[in-house]
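For reference, the structure is listed below as structure tokens.
The values are calculated or read from the model by the stated rules, or taken from the named source; none is laboratory data. This structure is a prediction, so every number in the text was calculated from the model and none was measured. We place every Cβ from the backbone using ideal geometry, glycine too, and count neighbours over all the protein chains shown. Surface accessibility is based on the protein's heavy atoms, side chains included, excluding ligands, DNA and RNA. Shrake-Rupley method; radii C 1.70, N 1.55, O 1.52, S 1.80 Å.
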Amino acid sequence: MKRKNVAYAATAGAAVGVLGLTALALPAGAGAAPALPPVAPEQLVESVMRATPPALTGTVEVDNALGLPAIPGAGQASELLSDGTSKFQVWADGQGRHRVSVPSHNGEMTVVDDGSTVWKWDSNEQKVVRSTEHAPESAEHQGPADPATAARQIIDKLRQTSDVKVNGTASVAGRDAYELVLTPKPTERTLLREVRVAVDAEKRIPLELSVLTNGSNDPAFQVGFSDIDLSAPDPALFRFTPPAGAEVTDGKAEHAPQQRPEGEHKVVGDGWDLVVVAQVPQQEEKQQGGQDFRQIAERVGKPVSGPWGNGWIIGTAAGNALLTSDGRVAAGAVPEQVLTAALGGA
């Protein structure tokens, strides 16, 4: 989902994707609340941040009610962000190696991180992208993060600007969990009401998360483990050999022209009302099939204007994104006026 393509995030209206806040879920198939020893919110948060990511095999279920418009040519990312329920598989060895498999109606996208190289295999297009530039915080070829990784990042980003409490317990994917709730402080200008994190009582890893928006009692976006096995997967899962006949390209070379010089993007604010303002690289202005990002924004967005110029804003239940006529983009989990103010200031 990540993913890191700012232009796509803007035209899709996935403002919360920029913050990583779309990777949030309610317990899928949660059972009766177990009896667990009391734990202070600060203690639970600290234990989550210190926990060692375990080996695991899991099925992740995504339940989306954001109301994103359909984006032509967006592939598996669009399918995961489309309204409704979808699933994908994740594996981790606990030593930094990962595998993600995302099915689609016409194939499958598989991402394998063997610890030194990230391989992205698209069975529909019969293409492999290989990336040896290992930077997890900015890697462009990784697949959707598992809920544990996504939740840990979100807690770290929001803990300083949130009121934090433990609100009961839950049984998630057959495991006992505490319910951690982060609520934005009154000074935060955001469309989000709260984030709920189901934390494994034994391993202290997030199992599932949920995001709720102002004005609705139903989650806007959900993702979490519907089942999870914490035993070590077969090591062969983290080795990848390009299939015979597949087209293999180097990821670093492929994306080198898209690298933006320092200063072409800016972060305005922090915490819940953080807004990212960036310039859409010219190389990324067209999608597959000749779909121009501006044309998409004109078709599905609302025209807006101000001292910053003219553009189109695309909103979801949990955020907004604005693409300007001169190729700038601003996105965040914030009301429209906060977004335009950030754009004008940047």
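Filtered by the rule that a residue be over 20 Å from T52 (Cα atoms) and β-branched (V, I, T), segment 227-243 gives a lone residue, T241.
To keep it simple, each residue is scored yes or no on (1) modelled with pLDDT of 85 or more; (2) over 26 Å from K120 (Cβ atoms).
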{"site": "T249", "(1), (2)": "yes, no"}
{"site": "A253", "(1), (2)": "no, no"}
{"site": "R260", "(1), (2)": "no, no"}
{"site": "K266", "(1), (2)": "yes, yes"}
{"site": "E285", "(1), (2)": "no, no"}
{"site": "F293", "(1), (2)": "no, no"}
{"site": "V304", "(1), (2)": "yes, yes"}
{"site": "G309", "(1), (2)": "yes, yes"}
{"site": "G315", "(1), (2)": "yes, yes"}
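Here is the figure for segment 202-231: residues that are farther than 26 Å from A342 by Cα, of a type in the set (A, V, I, L, M) and surrounded by 19 or more Cβ atoms within 10 Å (Cβ to Cβ) total 5. Do the conditions hold for R299, that is, is it out of contact with any helix residue (DSSP H, G or I) (no Cβ under 9 Å at 6 or more places or on another chain) and open to solvent by 50 Å² or more (accessible area, probe 1.4 Å)? Yes. Scanning segment 152-196 for residues that are of a type in the set (A, V, I, L, M), assigned to a strand (DSSP E or B) and open to solvent by less than 30 Å² (accessible area, probe 1.4 Å) returns A170, V172, A177, L180, V181, L182, L192, V195.
A single member of V129, V100 is within 19 Å of T57 (Cβ to Cβ), part of a strand (DSSP E or B) and at pLDDT 90 or above, and it is V100. Out of the residues in segment 232-247 that are open to solvent by 60 Å² or more (accessible area, probe 1.4 Å) and farther than 17 Å from S116 by Cα, state the one that is nearest to the chain's Cα centre (by Cα). Only one residue fits best here, namely A232. Residue-level check: of (1) among the hydrophobic types (A, V, I, L, M, F, W, C); (2) farther than 23 Å from V338 by Cβ; (3) under 17 Å from the mean Cα position of the chain (by Cα), A177 misses just (3). Restricting attention to segment 103-117, the residues that are buried (at least 16 other Cβ atoms within 10 Å of the Cβ) and in a strand (DSSP E or B) add up to 8.
Each row is one residue, and each column tells you yes or no for (1) open to solvent by less than 40 Å² (accessible area, probe 1.4 Å); (2) at pLDDT below 95; (3) of a type in the set (A, V, I, L, M, F, W, C).
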{"residue": "V16", "(1), (2), (3)": "yes, yes, yes"}
{"residue": "E61", "(1), (2), (3)": "no, yes, no"}
{"residue": "P69", "(1), (2), (3)": "yes, yes, no"}
{"residue": "A74", "(1), (2), (3)": "yes, yes, yes"}
{"residue": "S78", "(1), (2), (3)": "yes, yes, no"}
{"residue": "W119", "(1), (2), (3)": "yes, no, yes"}
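Would you confirm whether or not segment 188-201 contains a residue that is in contact with a helix residue (DSSP H, G or I) (Cβ under 8 Å, 6 or more places away or on another chain), more than 30 Å from S231 (Cβ to Cβ) and among the polar types (S, T, N, Q)? Yes, there is a match, as at least one residue in segment 188-201 is in contact with a helix residue (DSSP H, G or I) (Cβ under 8 Å, 6 or more places away or on another chain), more than 30 Å from S231 (Cβ to Cβ) and among the polar types (S, T, N, Q). Here F221 fulfils each of the conditions (1) modelled with pLDDT of 90 or more; (2) under 17 Å from the mean Cα position of the chain (by Cα) apart from (1).
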